[in-house]
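Accompanying notes for the structure given below.
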Amino acid sequence: MPWREDQPQAMEFSLENTCNLECVQCHGGLSSRIRQEREKRPPFRSPYDSTFFEELFPWLDRLAEARFSGGEPFLIEAYYRIWERLAGKNPDCEILVQTNGTVLSPRVARVLEQGRFNISVSLDSLERERFESLRKGARLGEVMSNLEYFRDYCRDRGTYFGLSICVMPGNWEELPSLLDFASRQGAEVALNLVTEPLWASLRGLDAKDLEGIQAVLERAVLPESSPLAARNLRKYRDAVRQVALWAGQARNREGAPLVGEMTSRELMDLLREKVLSHLEEHPDFLNAWEGGYGEVEAFLAGILAGIPEKFTVNAAHSEALKNLSGGRLLLSMERYSQEALAGRVHGFLEKAVL
Ligand code: SF4
């Protein structure tokens, strides 16, 4: 295919949710195992048939960079087809993979040998019990040994090696040791401060708790002994700043003046209105609901079923409801179970955080 100026140089693939883990903060949209085990929903049907690959392949041959996420990329059949094509026609392409670190089969080792892989491994704890409770289905010993393999692979080829850390209420105190570990492994960190679901996010905590976390993290002494350690330290400080920001938001919520009362029917009407106005502009959001809008409305009613008929609202509740978009609501309904969202609504009535 002749080079064209408007031809893409980089592509990002997120084609399937095939995954062997059930990480606590994740959802069925990203993990097939969660979709099956936790949400009891049917698997997604892949729209990527042989025509898709026939049309895609010529575009791969001049790519400078291709990124792969999942699910777990090393379990996704479609990616092996793409990697094989890159190995044959464009072996210098920089391939970036975000992996949960549990899959290192002979097939993975073979495919790594054929391309230029840049690898980021998810690692949320260095303590076995905690790691295995956060990343359900993974074993720390196995991930650590795979991590060493990926680290050496990237070091030998001069490609990027990183650790991706999800920061949550269940592991924030390990952040300094995780940073130290990453720098000693020669890994760039990516710190993902989880925002959804709320119970797995620091942003849902009270101001006092967040101020305590901020103080502990600020006291930690971390090395700045190499350019990599210094870069990692900057990301750590950004994360601490985010915690401070959430503490400020929590203080505002907690001091918000009372506005009045609201009924469950008024809340339902408000949410229905947001959903309907979003669907008017984005009818494709209904594709995820086999039963159409009727199913969406029944799901919404189920979420609100257990709340009191009348409750008090303060200025923070009003502000959060005003800012809630129909699109975000629909996405949450697509991703999380009715039970999980009902818990979220109760939390909202109590703390005014959505
Ligand atoms: S490995 Fe990634 S996709 Fe799989 S459950 Fe964990 S966070 Fe979700």
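Quick notes on this one:
- When we screen 47, 106 for residues that are within 24 Å of residue 35 (Cα to Cα), surrounded by fewer than 16 Cβ atoms within 10 Å (Cβ to Cβ) and either charged (D, E, K, R) or out of contact with any helix residue (DSSP H, G or I) (no Cβ under 9 Å at 6 or more places or on another chain) (or both), the only hit is 47.
- Taken as a whole, the structure places residue 100 among residues that are in contact with a Ser or Thr (Cβ under 8 Å, 6 or more places away or on another chain) and modelled with pLDDT of 95 or more.
- Residues that are surrounded by fewer than 16 Cβ atoms within 10 Å (Cβ to Cβ) and touching a residue at least 24 places away in the same chain (Cβ under 8 Å) were ranked within region 150-160; the one that is farthest from residue 117 (Cα to Cα) is 155.
- Residue list for region 191-215, filter: loosely packed, with under 14 Cβ neighbours inside 10 Å and either on the phi > 0 side of the Ramachandran plot or not small (Gly, Ala, Ser) (or both): 208
- Residue tally, condition in a loop (DSSP other than H, G, I, E, B) and either under 15 Å from residue 41 (Cα atoms) or free of Cβ contacts under 8 Å to residues at least 40 places away in the same chain (or both), over region 278-294: 3
- Looking at 330, 271, just one residue is hydrophobic (A, V, I, L, M, F, W, C) and touching a His at 6+ places or on another chain (Cβ under 7 Å), and that residue is 330.
- Among the residues making up region 180-190, those that are buried (at least 20 other Cβ atoms within 10 Å of the Cβ) and either in contact with a strand residue (DSSP E or B) (Cβ under 6 Å, 6 or more places away or on another chain) or on the phi > 0 side of the Ramachandran plot (or both) are 182, 187, 189.
- Only one entry in 205, 245 is under 15 Å from residue 353 (Cα atoms), in contact (Cβ under 8 Å) with a residue 40 or more places away in the chain and under 22 Å from the mean Cα position of the chain (by Cα), namely 205.
- If you go through region 333-354 and pick out every residue that is touching a residue at least 12 places away in the same chain (Cβ under 8 Å) and within 23 Å of residue 252 (Cβ to Cβ), you end up with 10.
- Qualifying residue in region 161-175 (condition: of a type in the set (Gly, Ala, Ser), within 16 Å of the ligand (Cβ to nearest atom) and either part of a helix (DSSP H, G or I) or free of Cβ contacts under 8 Å to residues at least 60 places away in the same chain (or both)): yes
- Flag if residue 311 is in contact with a strand residue (DSSP E or B) (Cβ under 7 Å, 6 or more places away or on another chain) and among the aromatic types (Phe, Trp, Tyr): yes
- Verdict on residue 182 being modelled with pLDDT of 95 or more, within 21 Å of the chain's Cα centre (by Cα) and assigned by TED's automatic domain parsing to the domain that holds residue 120: no
- Selection of helices (runs of 4 or more DSSP H) fully inside region 13-117 by the criterion of at least 1 residues being hydrophobic (A, V, I, L, M, F, W, C) and within 16 Å of the ligand (Cβ to nearest atom) returns 32-37, 77-89, 106-114.
- The condition of being in a helix (DSSP H, G or I) and either under 19 Å from residue 144 (Cβ atoms) or in contact with a helix residue (DSSP H, G or I) (Cβ under 6 Å, 6 or more places away or on another chain) (or both) holds for only one of 182, 230, 215, 190, that being 182.
- Scan region 129-149 for residues that are surrounded by 18 or more Cβ atoms within 10 Å (Cβ to Cβ), part of a helix (DSSP H, G or I) and either charged (D, E, K, R) or touching a helix residue (DSSP H, G or I) at 6+ places or on another chain (Cβ under 6 Å) (or both) and the total you get is 2.
The values are calculated or read from the model by the stated rules, or taken from the named source; none is laboratory data. Nothing here was measured: the structure is a model prediction, and the numbers come from that model. Cβ: placed from backbone, ideal geometry, glycine included. Neighbour counts: every protein chain shown.
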